[in-house]
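**Q** This is the structure, below, for whatever I ask next.
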Amino acid sequence: MKKNPRFEERRKSIPKEIDVFVNRSFDIVDRIHEILRLKNLSQKDLADLLGKQESEVSKWMTGTHNFTLKTLVKIEDVLGFPIIKVINKEKTTEKQSILLVIEAKYAQINQGKDILIGDLQDFEIKQKFQKPTPYLS
Amino acid sequence: MKKRLEIELFEEHTNVNIYTIRFKNESSEIEKFLDKFPAGCKFDRDVSIIIKVLDNIGKRGALERYFRYEGKFKDNVFALPIEDINLRLYVIRISDNILILGNGGIKKTKKYNEDPELNSIVKQLQTIDCLLKTKERQGLIQIKGKQLLGKLEFEIKS
């Protein structure tokens with residue numbers, strides 16, 4: 001697909017934070033729109049349910065509105081459907097712990113230190129390191 | 001005086017073909033916009049957001065609800081209504097699958113028509129939009145999916 005070189009060059013320097021923010025914002029408004037469609041409701045109906053002006057809700061639905069959690073919860077409440085989902089805390093913590101250990105082990109390898117596969121055993125990632133390498137044999 | 005212009009393909013995306021306008025012997029309208037706000041300028045963040053919004057539109061479709069009418073309801077000239085940025089980029093939304101990028105600038109006034117630069121950009125897009133509708137009615141251009149077909153060279157009064 002054709003891409004413009006000047007846009008491509010600018011894309012390279014787009015901060016991750018902007019990338020994620022715009023994508024998520026569009027995800028949120030598309031999700032709200034999907035629920036409205038499922039419930040056969042219009043943006044005007046949503047505005048009425050929220051006690052807001054239609055123009056305000058219409059502005060939200062353009063794709064880059066910075067929704068507050070309070071507003072999202074209120075929309076979820078009046079529509080009766082979830083819009084955003086928070087990732088389970090325990091799973092996140094476990095994954096982050098594994099990543100921290102892997103990072104630490106790689107740091108040791110980079111410093112020229114030998115590490116043992118057994119060091120990683122507790123984290124059930126041993127298989128990834130089965131192939132013998134100068135450092136992991 | 002008449003000015004010659006061409007509608008040219010700028011980028012292709014999954015669901016939208018993005019075109020722009022090029023007046024004879026000039027940079028394209030979107031290039032003029034990028035020239036005004038080069039990388040590293042104080043509006044760099046705003047340009048990044050605009051590009052990301054266009055990427056999302058390219059992926060999801062140029063749906064009417066993603067745009068804000070600028071000018072008259074009878075035309076297809078819209079602004080990308082991005083919150084919390086100081087720049088405005090104007091476009092002609094032909095369909096859910098075809099978008100034509102125009103020029104834009106810094107939003108200094110509440111309404112575009114209070115600013116001579118933005119007003120002139122919007123008026124020019126309205127003229128081009130009107131011309132495209134006429135050419136389509138005459139069968140000289142066709143809209144087929146993401147494509148604008150036919151002779152995409154025109155003349156408008158400047």
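**Q** Filter region B:16-32 for residues that are of a type in the set (D, E) and surrounded by 24 or more Cβ atoms within 10 Å (Cβ to Cβ) and give the result. Spell out the reasoning first.
**A** First, the residues of region B:16-32 that are of a type in the set (D, E): B:26, B:29, B:31.
Selection gives B:E29 alone.
**Q** Looking only at residues in region B:1-40 that are of a type in the set (A, V, I, L, M, F, W, C) and at pLDDT below 95, which one is nearest to A:V22 (Cα to Cα)?
**A** Of region B:1-40, the ones of a type in the set (A, V, I, L, M, F, W, C) are B:1, B:5, B:7, B:9-10, B:16, B:18, B:21, B:23, B:30, B:33-34, B:37, B:39.
Those still in the list that are at pLDDT below 95 too: B:1, B:39.
Working: B:M1: 42, B:A39: 19 Å.
The selected residue is B:A39.
**Q** May I ask you to list pairs of residues, at least six apart or on different chains, whose Cβ atoms are under 8 Å apart, with the first in region A:1-28 being among the hydroxyl-bearing types (S, T, Y) and the second being surrounded by 11 or more Cβ atoms within 10 Å (Cβ to Cβ) and part of a helix (DSSP H, G or I)?
**A** So the pair list comes out as A:S13/B:D44; A:S13/B:S48.
Every residue, every condition in (1) at pLDDT below 90; (2) farther than 30 Å from A:I32 by Cα, yes or no:
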site: A:T64; (1), (2): yes, no
site: A:F67; (1), (2): no, no
site: A:I75; (1), (2): no, no
site: A:V101; (1), (2): yes, yes
site: A:K126; (1), (2): yes, yes
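**Q** Something else about it: When you scan region A:33-80 for helices (runs of 4 or more DSSP H) that lie fully inside it, which ones turn up with 1 or more residues that are farther than 16 Å from B:R65 by Cα? Explain how you work it out, then say what you get.
**A** Numbers: elements: A:43-50, A:54-60, A:69-79.
Because the criterion is at least 1 residues that are farther than 16 Å from B:R65 by Cα, the helices (runs of 4 or more DSSP H) in region A:33-80 that meet it are A:43-50, A:69-79.
**Q** Let me ask another. Tell me the residue from B:N103, B:N76, B:N86 that is more than 13 Å from every other protein chain (Cβ to nearest Cβ) and surrounded by fewer than 21 Cβ atoms within 10 Å (Cβ to Cβ), please. So that I can check it myself, show each step before the final result.
**A** Working: B:N103 fails: surrounded by fewer than 21 Cβ atoms within 10 Å (Cβ to Cβ); B:N76 fails: surrounded by fewer than 21 Cβ atoms within 10 Å (Cβ to Cβ).
Step by step, each of B:N103, B:N76, B:N86 is checked, and only B:N86 is more than 13 Å from every other protein chain (Cβ to nearest Cβ) and surrounded by fewer than 21 Cβ atoms within 10 Å (Cβ to Cβ).
**Q** Moving to a separate point now. Six or more apart or on different chains, Cβ atoms under 9 Å: show the pairs whose first residue is in region B:68-89 and at positive phi and whose second is at pLDDT below 90.
**A** Close Cβ pairs (under 9 Å, with a partner that is at pLDDT below 90) amount to B:G71/B:Y112; B:G71/B:N113; B:D84/A:T64.
**Q** Counting only residues that are among the small types (G, A, S), give me the strands (runs of 3 or more DSSP E) lying completely in region B:1-110 with at least 3 of them.
**A** Details: elements: B:2-12, B:17-23, B:77-79, B:87-93, B:98-106.
In region B:1-110, the matching strands (runs of 3 or more DSSP E) lie at B:98-106.
**Q** Quick check on this structure: which one of B:R45, B:R4 is surrounded by fewer than 21 Cβ atoms within 10 Å (Cβ to Cβ) and facing another protein chain (nearest Cβ under 9 Å)?
**A** Numbers: B:R4 fails: facing another protein chain (nearest Cβ under 9 Å).
One residue alone meets the criteria, B:R45.
**Q** Would you confirm whether any residue within region A:87-96 is outside the structural domain of A:A47 (by TED's automatic domain parsing), at pLDDT 60 or above and surrounded by 13 or more Cβ atoms within 10 Å (Cβ to Cβ)?
**A** No; the residues of region A:87-96 include none that is outside the structural domain of A:A47 (by TED's automatic domain parsing), at pLDDT 60 or above and surrounded by 13 or more Cβ atoms within 10 Å (Cβ to Cβ).
**Q** If you take the residues of region B:55-67 that are within 11 Å of another protein chain (Cβ to nearest Cβ) and in contact (Cβ under 8 Å) with a residue 40 or more places away in the chain, which of them is surrounded by the most Cβ atoms within 10 Å (Cβ to Cβ)? Walk me through how you get there before you give the answer.
**A** Start the filter on region B:55-67 by keeping residues that are within 11 Å of another protein chain (Cβ to nearest Cβ), which leaves B:55-61, B:63-67.
Pick out the ones that are also in contact (Cβ under 8 Å) with a residue 40 or more places away in the chain and you get B:55, B:57-61.
Values: B:D55: 21, B:I57: 24, B:G58: 21, B:K59: 13, B:R60: 19, B:G61: 17.
It comes out as B:I57.
The values are calculated or read from the model by the stated rules, or taken from the named source; none is laboratory data. Since the structure is predicted, the reported quantities are computational estimates derived from the model, not experimental observations. Cβ sites come from the backbone with ideal geometry, for glycine too, and all protein chains shown count toward neighbours.
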